[in-house]
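What follows is a single structure, written as structure tokens, with notes after it.
The values are calculated or read from the model by the stated rules, or taken from the named source; none is laboratory data. Keep in mind the model is a prediction, meaning the values are calculated, not measured. Because the Cβ atoms are built from the backbone with ideal geometry, glycine has one as well, and the counts that use them run over all protein chains shown.
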Amino acid sequence: MKLLEGITVLEFSQFMAGPSAGLKMADLGARVIKIERPGSGEGGRQIVIKNLFVGNDSLVFHTINRNKESYAANLKNEEDLDRVKKLIAQADVMTHNFRPGVMEKIGLDYASAQKNNPRIVYGEVSGYGSQGPWASKPGQDLLVQSVSGLTYLTGNKNDLPTPMGMAVVDMLTGTHLAQGILAALVQRGKTGEGAKVSVSLLESALDFQFEVLTAYLNSEQPPPQRAETGNAHAYLGAPYGVYPTQDGHLAIAMIPLPKLTDFMQTELPEAYKETDAWFEKRDEIMGWLANHFRQKTTRVWLHSLESAGVWCAEVLNYAELMNHAGYRVLQMEQVVETADGTKIQTTRCPIRVDGKRVFSRKSAPKVGEDNLRIEAELDLSDLPR
Amino acid sequence: MKPLHGITVVDFSQFLSGPSASLRLADLGARVIKVEHPEHGDIGRNLYMSSVRINEESSFFYAINRNKESFAANLKDENDLAKVLKLIDQVDVVMHNFRPGVAKRLGISYETIKQRKPSIIYGRISGYGIEGPWAGKPGQDLLVQSISGLTWLSGNEGNGPVPMGLAIADIFTGAHLAQGILAALVRRGINGEGALIEVNMMESIIDLQFEAITTYLQDGGKPVKRTAHNNAHAYLGAPYGIYQTSNGYLALAMGQIPVLGELLDCPDLLKYREKGSWFTQRDEIKAILAKHLTRQATESWLEILEPADIWCADVLDWDRLLAHEGFKVLNMIQSVTMSNDLSYQTTRCPITLNDEQLISRRGAPILGEHNAALDEEFGL
């Protein structure tokens with residue numbers, strides 16, 4: 001039995017945060033049904049990167065929505081809405097990321113859903129929570145990164161604020177939504193009662209920074225400074241960072257400096273020997289180290305440092321990564337297939353269960369691809385069409 | 001009552017990946033018992049040293065381990081191991097992030113524990129899985145970032161590799177472990193079965209890049225290219241990025257370039273009528289925007305763009321964020337107190353349940369703080 005076998009999730013969520021939670025639940029064995037507007041479907045179908053489409057839908061959409069079904073319904077049409085309510089009555093979980101007030105207007109807010117199905121676990125995603133001056137702002141990844149302080153952690157001291165180059169806040173919010181929903185399902189197993197689970201992009205972006213925020217909150221220091229070059233963490237001292245070598249780049253994690261310089265077979269200047277200096281003189285020390293690392297190839301450095309137990313690694317790009325035996329042995333890729341036979345190579349779920357990797361062959365559905373089957377199966381069809 | 005009330009977790013993990021998973025389980029109501037080495041404890045207490053200390057130890061440890069108990073035990077000592085096994089017999093979840101093979105040597109492998117207690121949910125984290133040439137490598141965040149290709153997504157083209165300035169691999173790996181454990185608890189509630197949940201940092205950080213990697217694979221392996229300046233996403237066109245203004249910065253997420261040209265009174269943008277050009281000519285478009293936006297203050301740009309529904313935002317640092325009403329209303333900061341009465345401030349769980357925030361007042365444990373109480377309670 002898969003971990004979430006028998007659990008049905010109705011996904012009203014669009015774009016990334018909510019659907020990425022749906023994807024993890026699908027990977028773990030839940031049946032995830034996207035509820036989409038007829039015709040155009042969810043907005044994410046048209047969010048395209050590098051102009052890559054599969055059929056009428058963006059490649060990104062297929063990435064996030066593999067292994068799901070689609071039920072097309074116009075929530076402004078009474079009959080469709082009735083059918084959706086019948087679906088909710090038989091589901092375990094529903095998620096949405098409409099802006100505050102929208103579900104109330106449709107009549108699918110938590111109070112209504114709970115009346116319809118007291119066992120429902122109701123997940124909602126917002127940008128900034130439901131109160132305060134930001135509540136109605138668009139919940140978009142880059143904007144939340146920008147508001148949350150996150151952009152002052154990446155890049156070097158004199159760079160502009162540097163966002164993380166992916167929808168990292170969406171992804172993290174999705175994991176928090178999934179965690180909340182699963183915990184509520186655990187509780188429901190004991191009490192029989194559903195729950196409402198709320199997450200927001202901003203709270204997740206703050207949780208993401210919990211370690212560094214805790215450091216900031218409990219000291220008199222101003223907000224953190226990034227290192228001048230090779231920065232990898234504003235609160236960690238030298239040598240933590242990335243260094244150019246003669247032919248590439250080398251990452252060095254935490255190690256006491258005297259040990260590191262021993263293994264590098266060089267003399268650590270007196271001024272850098274005190275532990276306090278490793279943070280206070282970080283820029284100077286990292287510059288000094290960089291001059292040394294530049295003189296040999298990555299391979300030569302790895303050879304002497306790795307064997308001595310120094311935490312270090314070469315910096316790879318996707319081509320180098322995917323050609324590496326260390327990557328291939330993970331079998332992290334899989335091929336998914338759309339209903340009309342188009343194959344897409346993508347990644348798989350990173351959670352292994354009972355010693356087995358989780359693969360799934362099914363790509364994202366077309367809008368309404370599963371209406372007939374779902375209506376027959378869940379007995380929604382007695383309503384007039 | 002919190003949703004995981006009644007669930008007990010024995011956590012052997014150290015540092016951040018595993019402990020961040022057990023923190024979330026604790027936030028959700030589970031009881032988490034850290035098993036730590038009697039002398040140095042979780043190596044995160046001292047090795048993973050931030051420039052700020054709390055209680056003479058790394059402030060990071062105190063963020064990660066609030067609301068947990070500490071049981072000091074030397075697993076290489078027979079008596080201590082017997083106690084730990086007796087404790088495990090009475091709990092729901094066991095987790096660790098030892099390197100491959102270590103748990104077996106210590107006598108707490110999945111096979112051993114499962115035999116004693118078939119309903120156990122056993123979670124383990126490794127750096128790179130348990131086979132292949134990387135299996136023995138240290139599972140450390142920056143190193144995993146560096147190997148995974150992630151460092152070519154942030155910063156600008158020509159910057160070289162730019163790591164994300166947080167322990168992102170640790171945090172997502174922990175999140176995935178927590179998901180797996182929670183899903184296993186759901187199944188156990190139905191059929192009583194235990195489970196083995198395995199995650200590793202490399203797979204988690206690959207999963208995090210699923211969008212970019214799928215694009216890369218579909219695109220015939222063309223190298224990832226960041227924009228020359230103001231990069232925020234290697235695969236998105238202009239204006240996506242952060243720009244300098246006369247007094248700060250402005251983030252621009254989406255917006256049609258000619259419309260932006262009209263609104264910002266920047267005629268040079270009007271010629272980019274073709275949607276495709278926003279991607280193919282993004283470097284020159286971003287250069288025009290970057291130059292133009294330095295002319296006025298962030299507030300005046302926001303006043304123009306926000307009413308026109310352009311997705312944009314001010315770029316805040318923590319000083320400004322924490323002073324903002326939009327932050328205060330979240331009530332995101334909580335004060336926790338240790339058994340020695342030391343209080344410190346930290347963030348709370350980001351998940352809200354039934355409109356109630358999940359707050360816990362208990363700080364991180366002192367090493368071995370709960371040995372006597374646990375000895376008695378569990379008959380060790």
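When residues in the range A:173-195 are screened for being within 21 Å of the chain's Cα centre (by Cα) and at the interface with chain B (Cβ under 7 Å from one of its Cβ atoms), 8 of them pass.
The rows are residues; the columns are (1) of a type in the set (Phe, Trp, Tyr); (2) surrounded by fewer than 18 Cβ atoms within 10 Å (Cβ to Cβ); (3) not in a strand (DSSP E or B).
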{"position": "A:TYR327", "(1), (2), (3)": "yes, no, yes"}
{"position": "A:GLN334", "(1), (2), (3)": "no, yes, no"}
{"position": "A:ASP340", "(1), (2), (3)": "no, yes, yes"}
{"position": "A:GLN345", "(1), (2), (3)": "no, yes, no"}
{"position": "A:CYS349", "(1), (2), (3)": "no, no, yes"}
{"position": "A:VAL367", "(1), (2), (3)": "no, no, yes"}
{"position": "A:ASP379", "(1), (2), (3)": "no, yes, yes"}
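Flag not set for A:THR298, criterion: touching a residue at least 24 places away in the same chain (Cβ under 8 Å), over 15 Å from A:ALA251 (Cβ atoms) and among the polar types (S, T, N, Q). Just wondering, is there one or more residues in the range B:143-150 that are more than 7 Å from chain A (Cβ to nearest Cβ), surrounded by 21 or more Cβ atoms within 10 Å (Cβ to Cβ) and over 28 Å from A:TYR243 (Cα atoms)? No, because not a single residue in the range B:143-150 is more than 7 Å from chain A (Cβ to nearest Cβ), surrounded by 21 or more Cβ atoms within 10 Å (Cβ to Cβ) and over 28 Å from A:TYR243 (Cα atoms). Scanning the range A:309-320 for residues that are crowded, with 19+ Cβ neighbours inside 10 Å and either at pLDDT below 95 or under 21 Å from the mean Cα position of the chain (by Cα) (or both) returns a single hit, A:TYR318. For the range B:167-188, the criterion of being surrounded by fewer than 24 Cβ atoms within 10 Å (Cβ to Cβ), more than 25 Å from A:SER20 (Cα to Cα) and in contact with a strand residue (DSSP E or B) (Cβ under 8 Å, 6 or more places away or on another chain) is met by no residue.
Within the range B:219-259, the set of residues being outside any loop (DSSP other than H, G, I, E, B) and at the interface with chain A (Cβ under 9 Å from one of its Cβ atoms) comprises B:GLY241, B:ILE242, B:TYR243, B:GLN244, B:TYR249, B:LEU250, B:ALA251, B:LEU252.
The listed residues are A:ASN51, A:ASN74, A:ASN65, A:ASN116, and the only one of them that is under 14 Å from A:PHE12 (Cα atoms), of a type in the set (S, T, N, Q) and free of Cβ contacts under 8 Å to residues at least 40 places away in the same chain turns out to be A:ASN74. Has the range B:247-258 got any residue that is surrounded by fewer than 24 Cβ atoms within 10 Å (Cβ to Cβ) and within 29 Å of B:ALA21 (Cβ to Cβ)? For the range B:247-258, residues surrounded by fewer than 24 Cβ atoms within 10 Å (Cβ to Cβ) and within 29 Å of B:ALA21 (Cβ to Cβ): absent.
Per the conditions (1) surrounded by 20 or more Cβ atoms within 10 Å (Cβ to Cβ); (2) not assigned by TED's automatic domain parsing to the domain that holds A:GLY18, the sole criterion not satisfied by A:PRO222 is (1). Applying the set (1) at pLDDT 95 or above; (2) not in a strand (DSSP E or B) to A:ILE49 leaves exactly one unmet item: (1).
Checking A:GLU306, A:GLU284 one by one, the residue that is more than 14 Å from chain B (Cβ to nearest Cβ), among the acidic types (Asp, Glu), surrounded by 14 or more Cβ atoms within 10 Å (Cβ to Cβ) and free of Cβ contacts under 8 Å to residues at least 24 places away in the same chain is A:GLU284 and no other. Taken as a whole, the condition of being on the phi > 0 side of the Ramachandran plot and not in a helix (DSSP H, G or I) applies to A:ASN67.
Screening A:GLY41, A:GLY18, A:GLY22 for residues that are at positive phi and either surrounded by fewer than 24 Cβ atoms within 10 Å (Cβ to Cβ) or touching a residue at least 12 places away in the same chain (Cβ under 8 Å) (or both) leaves exactly one candidate, A:GLY41. Within the range A:1-46, the residues that satisfy the criterion of being basic (Lys, Arg) and part of a loop (DSSP other than H, G, I, E, B) are A:LYS2, A:ARG37.
Give the residue that is farthest from the other protein chains (Cβ to nearest Cβ), with candidates limited to residues of the range B:8-25 that are touching a helix residue (DSSP H, G or I) at 6+ places or on another chain (Cβ under 7 Å) and under 27 Å from A:GLY192 (Cβ atoms). It comes out as B:VAL9.
Give me a count of the residues in the range A:331-346 that are out of contact with any Ser or Thr (no Cβ under 7 Å at 6 or more places or on another chain) and either under 14 Å from A:ILE64 (Cβ atoms) or among the hydroxyl-bearing types (Ser, Thr, Tyr) (or both). Count: 1. Is the range B:7-24 home to any residue that is in contact (Cβ under 8 Å) with a residue 12 or more places away in the chain, more than 25 Å from B:LEU166 (Cβ to Cβ), touching an Asp or Glu at 6+ places or on another chain (Cβ under 9 Å) and not in a strand (DSSP E or B)? Yes, the range B:7-24 contains at least one residue that is in contact (Cβ under 8 Å) with a residue 12 or more places away in the chain, more than 25 Å from B:LEU166 (Cβ to Cβ), touching an Asp or Glu at 6+ places or on another chain (Cβ under 9 Å) and not in a strand (DSSP E or B). Among the residues making up the range A:355-365, none is surrounded by 15 or more Cβ atoms within 10 Å (Cβ to Cβ) and free of Cβ contacts under 8 Å to residues at least 12 places away in the same chain. Selection over the range A:140-160 of residues that are buried (at least 24 other Cβ atoms within 10 Å of the Cβ) and more than 7 Å from chain B (Cβ to nearest Cβ) gives a count of 4.
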